[in-house]
Structures are given as C-alpha cells and as structure tokens.
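There's a structure below that I have some questions on.
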Amino acid sequence: MSRVLVVEDNKKIFAHMVALLRDEGHEVDGVHSAEAAQMVLRAGPLPHLVLLDIRLEKQSGIDLIRAMGKDMPPTIVISGEATISEALAALRMGIHDFVEKPFSDERFLCSVRNCLEKIALQEKVRELEARRERGQSLLGESAAMRRVLTQITKVAPTKGRVLITGESGTGKELVASTIHHLSKRRGKPFVKINCAAFPVHLIEDELFGHVRGAFTDARQPKRGLFEEAHGGTLFLDEIGDMDYALQARLLRVLEDGKVRRIGDTQEREVDVRVVAATNCDLQGMIAEQKFREDLYYRLASIPIEVPPLRERREDIPLLVTYYIENFCREHQLRAKSLAPETLNALVNYHWPGNIRELKNLCERLSIFGGDPIAPDDLPSPIFSEVAEESSGLLRISELKAMSLKAFKNRCEKEFLETMLIRTNWNYVEVAKALEINRSYLHQKITGLGIQRKKGLKATES
Ligand SMILES: Nc1ncnc2c1ncn2[C@@H]1O[C@H](COP(=O)(O)OP(=O)(O)OP(=O)(O)O)[C@@H](O)[C@H]1O
C-alpha cells in the first residue's frame with residue numbers, strides 16, 4: 001500500500017481518481033489547489049506519489065513543482081489542457097509520467113503502478129547502497145542469491161574451508177571478500193592471487209616468497225603472499241589452473257600451517273584462511289589426474305556455488321538500475337532511466353559474461369545511451385538476440401511427427417509468446433491485434449502454459 005496525494009480541481013475527476021486508487025488499496029489524500037498541496041507536502045509525511053493537475057485555479061502544477069524543488073515527491077502529471085511547453089517544462093523537472101485527460105482507467109492505473117514500482121526499485125537501490133557501505137556488497141534478492149548469502153553468513157565466522165565455484169564473472173571474488181569481511185579476520189589483510197595469470201615459477205615465488213640469492217634475480221629477500229596474508233585471508237582464484245607439482249606444496253602448507261621461502265631452510269608459521277575458487281570441474285580433473293584429490297578435500301569442505309546470471313534473471317532489473325545510477329554519478333552525468341523494452345531485452349539476454357558483462361554494459365549505456373535508454377542503444381548481440389527471440393516462429397520443415405492438436409497448440413503458443421514479447425507483455429495491445437477479448441487471451445496464456453520470464457512486467461493498458 002502506498003500513500004498518494006491527488007491535486008485536482010475538477011471535483012468529478014478528483015472523485016474518480018480517488019476511488020480508483022482506493023480500490024487498488026492505496027491510502028489517498030486529496031486537495032484542489034497547488035497552495036493546499038504545498039501546505040500538505042510541507043507538513044509531511046511526504047506521500048510516495050503525487051498525481052498533479054497542471055491547470056489549477058491560482059498557482060499551476062508547474063508552480064508547485066518549482067516551489068517544492070528537491071522536496072517534490074515523485075509525480076505524475078495529469079492534464080487535459082497543458083500546452084506543449086508546459087508538458088516539456090514538467091518533463092524537464094523530472095516528473096515520472098504524463099497522463100493526458102481524458103484517460104482510460106487502465107492507462108491511469110498502469111501509469112500509477114509503473115511509477116510506484118520504479119520508486120520501489122530506486123528505494124531498494126538506495127537501501128542496497130547503504131548495505132554496500134556497511135561492507136555487504138553482494139547484490140541480489142533472488143532465491144538463488146539468498147541461498148548463497150545465507151551460506152556466506154553462516155560459514156564466514158567459522159574456520160570452514162570454502163571452495164567457491166561458478167562461471168567467470170558471477171562474483172566468486174566478491175563472495176570470497178564478503179566471507180573475509182564477515183569473519184573475525186576482517187581487520188587483517190585480504191590477499192588474492194589468480195593462479196591462471198602467471199607461469200608456475202612465478203606463482204611459487206608469489207605464494208611462498210624467496211631468500212636473497214635463491215635464484216639469479218633474487219637480490220632481495222621477499223615475503224610470499226602466505227606471509228602477507230598472515231592473520232587474514234588468502235584468496236586463490238582459478239585454483240584449477242595451478243600446476244600439479246605446486247599443488248603438493250600448497251597442500252603441505254595448508255596441513256602444517258608453515259611456509260618455507262624458496263631457497264630457505266627455515267619454516268615460518270602462518271595463520272591464514274585459504275578460500276579458493278574455480279570455474280573448472282575439479283572432480284573431473286581429479287579423474288583425469290590433473291588435480292590432486294587430497295588437495296581438493298583439504299580446500300573444499302564447504303562448497304559454495306555462485307549461480308550464473310541467466311539462472312537468476314529476477315536480479316537483473318535491480319542490478320541494472322543500481323549500476324546505471326552508480327555509473328551516471330561516477331561520471332558526473334545526469335541520471336538516466338531505462339525504457340521498459342530495454343529492461344525486457346536485458347532480462348531476456350543470456351549473459352555469458354555474467355555480472356561482469358552486465359556491469360561493463362551499464363557503464364557504456366550510462367555514457368553513450370539516450371535518456372531513457374532505448375533498445376537500439378543496446379549492442380547488437382543483445383539487441384539481435386532479443387529480436388530473434390521475438391520473431392522466432394516455428395520451422396515446420398524441422399518438426400518431428402506430432403498430432404495435429406499438438407502442432408496447433410505449439411503454433412498458438414509460439415505465436416502468442418512472440419506477440420507478448422513484441423508488445424512488452426501488453427495484454428490490451430495483443431488482444432486488440434489478435435481481435436480477441438482480453439479474458440480469452442488470459443485463458444489462452446494459462447491454458448498453453450505461457451510464462452513470463454522473471455523480471456518482466458505485464459501491462460494492461
Ligand atoms: N552479486 C553481485 N552484486 C554486485 N556486483 C557483483 C555481484 N557479483 C559480481 N559483481 C561484480 O561483477 C564483477 C565480477 O565479479 P568477480 O570478479 O567477483 O567475478 P568472478 O566470478 O570472480 O570472475 P572470474 O572467474 O573471472 O575471476 C565485479 O566487478 C563484481 O563487483
């Protein structure tokens with residue numbers, strides 16, 4: 001339930017809007033002039049949304065927005081007689097939507113719903129930012145991500161040996177650093193090394209260090225990362241790429257808690273929590289004798305699997321909103337919004353590079369995209385994948401034998417899905433285009449088992 005303030009001097013339209021909003025379960029307050037609205041807003045508490053007529057008796061709606069400045073809550077302008085310049089002025093002042101009178105109930109309620117959803121998303125982003133500042137930087141509210149967060153919270157304060165698995169760019173390093181920050185070791189170093197990034201002798205040198213004269217270039221003694229991480233956490237990324245012989249040396253350190261620098265005779269005690277990550281199938285590598293089984297069990301008493309982004313699509317709107325807001329701020333650009341079709345395209349894309357790819361794209365869109373960011377601002381793989389998906393009708397020549405009924409159902413299903421995606425799940429538009437009524441459309445959608453991809457909204461206007 002949201003608090004909505006209606007500012008409208010036409011009593012009939014006013015009563016109608018109030019009734020529609022109350023039917024939706026909102027708490028509605030109403031006034032008939034800009035002056036009264038200003039008093040209500042100044043007195044607080046602020047409503048979540050203001051529905052504002054432009055032409056009012058004394059001051060106009062625009063005057064009200066101007067007078068309230070930054071304190072003006074999110075607003076939808078509802079007007080029949082606004083001139084283009086008034087509408088443009090309102091848009092420039094950042095109003096959320098402009099609904100022209102006379103409006104249909106559906107158009108009106110759809111605008112209110114979209115606006116409230118957008119506000120809720122922005123609020124969530126702010127809340128996440130606050131959480132980020134407190135060190136909880138993993139975003140995501142999908143069931144899959146919540147499961148990961150629960151595992152992290154439980155394992156972080158223990159001595160549990162964690163192996164993080166997942167595709168590249170899913171956030172394995174972020175999981176490791178979150179474990180560190182939620183553990184008792186948080187004030188101590190979090191040190192990381194990518195085992196795939198260096199040749200074997202360099203990894204050995206990085207991990208264990210050397211004494212002076214250990215090899216030709218060793219003019220100074222060097223502490224290895226185990227010593228650097230003393231008291232804290234050492235994150236071994238891409239552990240599956242570690243050389244087989246080196247794995248034995250690593251195992252010894254993990255078992256004894258002692259390291260010996262290259263060329264040294266002396267051992268040094270280290271207190272390090274090792275967290276490893278990989279996107280390889282270590283079990284398969286054990287079978288092929290490319291990874292040591294004993295090291296695997298030493299590292300992996302608690303496996304945490306980070307799901308790929310395509311398996312938690314419901315997190316995409318939040319992540320995209322979060323990153324676009326952040327990059328606009330970082331690059332000192334005006335905040336940009338996303339057109340609903342753009343968001344749908346992003347939710348539908350399969351994200352082979354996971355969050356890293358999404359984050360990079362958000363940076364590009366915040367710099368090069370228009371406002372709102374439109375589908376043709378998207379790079380061609382995303383744009384064409386979605387376009388292909390939405391025009392992907394059956395190839396009859398490739399079909400296997402099936403009953404005529406099954407074939408008809410399949411055709412209908414694919415056709416309806418295509419139309420729904422193309423119209424951004426606008427039931428009214430689809431029903432109109434197909435010359436059927438809306439309840440029949442709903443019946444068909446349910447009967448054929450058509451499901452909206454998570455994160456996509458349907459509209460009834
Ligand atoms: N849940 C998340 N919320 C917010 N940002 C995330 C999340 N997961 C990952 N990121 C961001 O995505 C980028 C990639 O994450 P990270 O480097 O942790 O992935 P990775 O799985 O370790 O990748 P690789 O396997 O290639 O090393 C980083 O910039 C990280 O901040």
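Lysine pairs in the range 3-130 with Cα distance under 25 Å, only those 8 or more apart or on different chains: how many are there?
Pairs that pass both the separation and distance tests number 9.
Highest first, please rank the peptides 31-42, 305-316, 330-341 by the mean number of other Cβ atoms sitting within 10 Å of their residues.
Top to bottom by mean Cβ count within 10 Å: 305-316, 31-42, 330-341.
Report, ordered by chain and residue number, the aspartates and glutamates lying within cross-link reach of K408, taken as a straight Cα distance under 16 Å and ignoring same-chain residues fewer than 8 apart.
Result set, ordered by chain and number: E398, E417.
Cross-link partners among lysines for K188, C-alpha distance below 17 Å, same-chain residues fewer than 8 apart left out?
K159
Now for a separate question. If you take the beta carbon distance between R452 and D264 as r and set R0 to 56 Å, what does 1/(1 + (r/R0)^6) give as a FRET efficiency, to the nearest 0.05? Let's see the in-between values first.
On the way: r = 62 Å, r/R0 = 1.11.
Given R0 = 56 Å and the Cβ-Cβ separation, E is 0.35.
Still on this structure, I have one more. What is the order of I286, I62, I367, I239, fewest Cβ neighbours within 10 Å to most?
Sorted ascending by nearby Cβ count, the order is I367, I286, I62, I239.
Å³ per residue of the Cα convex hull, for the chain?
It is 211 Å³ per residue.
Report for the range 143-307 the percent antiparallel among DSSP-assigned beta bridges with both residues inside it, nearest 5.
Around 20 percent antiparallel, to the nearest 5.
Which percent, to the nearest 5, of DSSP beta bridges fully inside the chain are antiparallel?
Restricted to the chain, the bridges split so that about 10 percent are antiparallel.
Reachable aspartates and glutamates from K413, Cα under 12 Å, same-chain residues fewer than 8 places away excluded?
Cross-link targets: none qualify.
Using the basic label-point model (7 angstrom from Cα toward the beta carbon), what is the R3 to L254 distance in nanometres?
5.5 nm
So, one more: R0 = 41 Å: FRET efficiency of E429 with K405, Cβ-based, nearest 0.05?
0.90
Quick one: of K405/K432; K184/K258; K172/K359, which pairs are farther than 18 Å apart, Cα to Cα?
K405/K432; K184/K258
222 nm [θ] for the chain, helices only, -39500 (n - 2.57) per DSSP H run of 4+, per residue, to 500?
-14500 deg cm²/dmol
Read the figures in this text as sums done on the coordinates, not as results from a lab. Quick caveat, the model's predicted, so the values are computed rather than measured. Using ideal geometry, Cβ is built from the backbone for each residue, glycine included, and neighbour counts are taken over all protein chains shown.
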